[in-house]
Ligand code: AMP
């Protein structure tokens, strides 16, 4: 398997780019945030465990997350090109990927965005209730107004995109990120990308890095 992990703050555009890459048909997108939201929606055991952490802007414990991603990756053919968006978020998670058979990471791409942009990006974000497609009230509005332009679903604000929770999520990110960058830099797998750029421009840069 070819595994790329997307690193970057909440709101740095990882999900938007990963979804676009998946639409090319050449990559499979795994968003642990989307998986957890689906688990909450379904009322599963993982969802029940995760909900309180998510709503407070804290990380869900490593044990839960490692099992979740291991299950998702275990079913894939070895020809898969996987994009992991939102995993790993801690060094123990990164270690778990590299240690399990067949899931060693090929490259890590860090989406660099000035901190000052993130609060606006996150609090203005809307997602489709049905398919999870992200939008932004100012920077990426839906051409279908309050509906998703892809599937017609209703656009909602994530409960953890309110300003107080967003501030905590950014703090949590800052606490973990340097160690993660160091981890992937150490194995020469780290690439950095200036993610303060238009969606299409960023996508073509990513396609270059993923060749
Ligand atoms: P995201 O959609 O990636 O912003 O994730 C939403 C929330 O899900 C995060 O704020 C965390 O509470 C939780 N979460 C998602 N991925 C992970 C992970 N790899 N480790 C711990 N918590 C996670």
### Query
Looking at region 179-211, which of its residues are more than 21 Å from residue 3 (Cα to Cα) and either within 16 Å of the ligand (Cβ to nearest atom) or assigned to a helix (DSSP H, G or I) (or both)?
199, 200, 201
### Query
In region 29-39, which residues are over 13 Å from the mean Cα position of the chain (by Cα) and modelled with pLDDT of 95 or more?
39
### Message
Please determine whether any residue of region 3-19 is over 10 Å from the mean Cα position of the chain (by Cα) and near the ligand (Cβ under 10 Å from one of its atoms).
### Response
no
### Task
Could you list all residues from region 70-99 that are more than 10 Å from the ligand (Cβ to nearest atom) and part of a loop (DSSP other than H, G, I, E, B)?
75, 76, 77, 78, 79, 80
## Note on the structure
Exactly one of 170, 207 is surrounded by 13 or more Cβ atoms within 10 Å (Cβ to Cβ) and closer than 14 Å to residue 12 by Cβ, and that residue is 170
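The values are calculated or read from the model by the stated rules, or taken from the named source; none is laboratory data. Every value quoted in this text rests on a predicted model; they were computed, and no experiment measured them. Don't worry about glycine lacking a Cβ; one is built from the backbone with ideal geometry, like all the others, and counts go over all protein chains shown.
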